[in-house]
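Asks: Below is one structure. I have some questions about it.
The values are calculated or read from the model by the stated rules, or taken from the named source; none is laboratory data. A quick note: this is a predicted structure, and the numbers were derived from the prediction, not measured. Cβ atoms come from the backbone with ideal geometry, glycine included; neighbour counts cover every protein chain shown.
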């Protein structure tokens, strides 16, 4: 297995006794890892070996729920990910936040002191061999303040943070366990036996305020750039752009990025390699666009009956049907341009559509105009609702990006008009259904709260 990572690849290795990093080649570390315990003179730990774009990548699949919500899969321009060829995490060669799949190799006795995963990312963690012991601290405001104070004190080796915070808990993971760590949770890890773990980090739309809070703590505690989430604010811009496009079909990507990301062109044919976490187009088709086989057969039977009868549409038993003049979301009208793949995927995975809230398929006269060359401004007959978490997250993203000085906004080259994008999100036009634009964010969040 280790040969799939490249024997000459340099890996960051932590000296457990000093909690300082050093470098080894992969072959050097493998020799150390396979050395009998009694012959090891030091404790070395590998916890930051990202292995996307290696042979090992194809043998490790992330949990499906991770694929469904990961911003890298759903928000980052697809064509940039496809340009990534470098297997290492050299930032100069990185085309997207390359944090999806890590291999953690730890010998017995390794310990990683309390920390929060970079950028407030959530973590998936699968114990392939061995075992792990975690100490977990919930990210309350009080605990986060104590953590920040502890880091800045420089006395981490003298103070066990778990003795100072509220509700520190211990959990033991055994071989075969899969574990999820939510955003912001402070944790320390001990290795009771030689272990091999696969894991990864994700940003997502359901705890954005916490993600931003952790990123700010990293600023104040002066975490080195190499240990932070790459392209963090660039990702935030792309998230806003995707949400606005999903709701209004107005794109704020440059013309070049629209073409490259296939927002205008017809969707690509999915890969034949099977369900892969690295192809959100493929995942969209398999997880979101396809209905269960029985439902498809029932629909086909109903269509045949309708064609043979008077062609009067049947009402749904679950509620009012969509207007007869409007095709369902999963069926495109003849000659109608297919929906852009990114929009279809986002709508089906991060939002909830209602058949009760039906609006006209024609655009209101005061609706924001789509720039020349942008995707067609067709409006679905169904409302697209966002969760309360998404709404609050969008609000937090806008406020954060607006607060940054110009030299730190990190607007990616694919965004055409960043200020217009911020304004388009902030006024709430088209971002969530059923709320007047004049209500702004207060109205959006209040309505979300009332829906529970």
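Asks: Tally the residues that are surrounded by 18 or more Cβ atoms within 10 Å (Cβ to Cβ) and not in a helix (DSSP H, G or I), restricting the search to the range 52-63.
Replies: 4
Asks: Within the bounds of the range 14-24, is there any residue that is under 21 Å from the mean Cα position of the chain (by Cα), modelled with pLDDT of 90 or more and closer than 21 Å to residue 228 by Cβ?
Replies: Checked the range 14-24: no residue is under 21 Å from the mean Cα position of the chain (by Cα), modelled with pLDDT of 90 or more and closer than 21 Å to residue 228 by Cβ.
Asks: I would also like to ask the following. Which of the residues belonging to the range 214-241 are within 18 Å of residue 149 (Cα to Cα), more than 17 Å from the chain's Cα centre (by Cα) and assigned to a helix (DSSP H, G or I)?
Replies: Within the range 214-241, 216, 217, 218, 219, 220 meet the criteria.
Asks: Can you name every residue in the range 27-59 that is closer than 16 Å to residue 197 by Cα and either in contact with a strand residue (DSSP E or B) (Cβ under 8 Å, 6 or more places away or on another chain) or at pLDDT below 90 (or both)?
Replies: The answer is 29, 33, 44, 45, 46, 47, 48, 49, 50, 51, 56.
Asks: Would you check which residues across the range 106-127 are out of contact with any helix residue (DSSP H, G or I) (no Cβ under 6 Å at 6 or more places or on another chain) and assigned to a strand (DSSP E or B) and list them?
Replies: 106, 111, 112, 113, 115, 122, 123, 125, 126, 127
Asks: Follow-up. Among the residues of the range 174-197, what is the count of those that are touching a helix residue (DSSP H, G or I) at 6+ places or on another chain (Cβ under 9 Å), within 14 Å of residue 134 (Cα to Cα) and surrounded by 20 or more Cβ atoms within 10 Å (Cβ to Cβ)?
Replies: Residues that pass the stated criteria total 1.
Asks: While we're on this one: Mind telling me which of the residues 156, 175 ends up being modelled with pLDDT under 95, over 24 Å from the mean Cα position of the chain (by Cα) and more than 30 Å from residue 392 (Cα to Cα)?
Replies: Exactly one residue qualifies, and that residue is 156.
Asks: Surrounded by 20 or more Cβ atoms within 10 Å (Cβ to Cβ) and either farther than 20 Å from residue 183 by Cα or under 13 Å from the mean Cα position of the chain (by Cα) (or both): does that describe residue 69?
Replies: The answer is no for residue 69.
Asks: Right, another one. Of the conditions (1) over 24 Å from residue 210 (Cα atoms); (2) in contact with a strand residue (DSSP E or B) (Cβ under 7 Å, 6 or more places away or on another chain), residue 157 satisfies every one except a single condition; which number is it?
Replies: So the condition that residue 157 fails would be (2).
Asks: A further question on this structure: May I ask you to list pairs of residues, at least six apart or on different chains, whose Cβ atoms are under 6 Å apart, with the first in the range 153-169 being more than 19 Å from residue 222 (Cβ to Cβ) and the second being at pLDDT 95 or above and assigned to a loop (DSSP other than H, G, I, E, B)?
Replies: 162/168; 167/138
Asks: While we're looking at this one, here's another question. Test of understanding: among 129, 170, which residue is farther than 28 Å from residue 30 by Cα, exposed (fewer than 14 other Cβ atoms within 10 Å of the Cβ) and touching a strand residue (DSSP E or B) at 6+ places or on another chain (Cβ under 8 Å)?
Replies: After applying the criteria, what remains is 170.
Asks: Quick check on the range 89-104. Is at least one of its residues surrounded by fewer than 18 Cβ atoms within 10 Å (Cβ to Cβ), part of a loop (DSSP other than H, G, I, E, B) and more than 25 Å from the chain's Cα centre (by Cα)?
Replies: Checked against the condition, which is being surrounded by fewer than 18 Cβ atoms within 10 Å (Cβ to Cβ), part of a loop (DSSP other than H, G, I, E, B) and more than 25 Å from the chain's Cα centre (by Cα), the range 89-104 yields no hits at all.
Asks: Only one residue in 72, 46, 66 is out of contact with any helix residue (DSSP H, G or I) (no Cβ under 8 Å at 6 or more places or on another chain), in contact (Cβ under 8 Å) with a residue 60 or more places away in the chain and outside any loop (DSSP other than H, G, I, E, B), so which one is that?
Replies: 66
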